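Report on one structure; see the data block that follows.
The values are calculated or read from the model by the stated rules, or taken from the named source; none is laboratory data. Quick caveat: nothing in here was measured; it's all calculated off a predicted structure. Quick reminder, even Gly has a Cβ in these numbers, built from the backbone with ideal geometry, and neighbours come from all protein chains shown.
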Amino acid sequence: MKKFSQNQPQTLTDADHFGPAKLCETSKDAVIRSPRRTATTKQIFTVAPGVDTLALLNQACETLASLNVLIANFTGKLEGSNRNVLLSIQPLASVAELLVNQARENLDPRSDAPDAQPPTRH
């Protein structure tokens with residue numbers, strides 16, 4: 001909220017032009033019309049330039065892990081075809097998380113891990 005001093009004239013911002021919604025007079029039902037602006041997701045959410053790749057991968061990994069948990073919790077509350085749809089989405093989130101984890105590991109192998117030895121195959 002902007003604060004105006006007594007000496008400054010008050011000017012309206014774009015947000016001030018949107019007053020209370022008016023009812024549509026041509027409809028019997030109460031239809032609310034208000035001017036709307038549509039902004040793309042990219043205009044609303046942006047990633048700061050210059051953030052290093054490892055930090056981005058760490059954040060992506062945490063986001064995917066949270067998505068996986070949310071899907072699992074929500075799936076338990078549904079039945080039928082909606083549940084099946086969520087059960088098919090969950091592996092996609094899991095695979096994406098695995099891919100991000102591997103990319104993160106490729107960029108910054110853990111230094112505290114013991115010396116890498118070839119895997120034992122039987």
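For the stretch 42-71, filtering for residues that are in contact with a Leu (Cβ under 6 Å, 6 or more places away or on another chain) and either of a type in the set (D, E) or under 24 Å from L86 (Cα atoms) (or both) leaves 1. Looking at (1) part of a helix (DSSP H, G or I); (2) at pLDDT 90 or above; (3) among the basic types (K, R); (4) surrounded by fewer than 10 Cβ atoms within 10 Å (Cβ to Cβ), which is the one condition that is false for R83? R83 satisfies all of (1) part of a helix (DSSP H, G or I); (2) at pLDDT 90 or above; (3) among the basic types (K, R); (4) surrounded by fewer than 10 Cβ atoms within 10 Å (Cβ to Cβ) except (4).
Residue pairs whose Cβ atoms lie under 9 Å apart, sitting 6 or more positions apart in sequence or on different chains, and linking a residue in the stretch 79-102 that is over 16 Å from Q59 (Cβ atoms) to a partner that is of a type in the set (D, E, K, R) and at pLDDT below 90, do not occur here. Residue check: is S88 modelled with pLDDT of 90 or more and either part of a helix (DSSP H, G or I) or not charged (D, E, K, R) (or both)? Against the criterion (modelled with pLDDT of 90 or more and either part of a helix (DSSP H, G or I) or not charged (D, E, K, R) (or both)), S88 qualifies. When the residues of the stretch 41-58 are filtered to those that are in a helix (DSSP H, G or I) and of a type in the set (A, V, I, L, M), the one that is surrounded by the fewest Cβ atoms within 10 Å (Cβ to Cβ) is I44.
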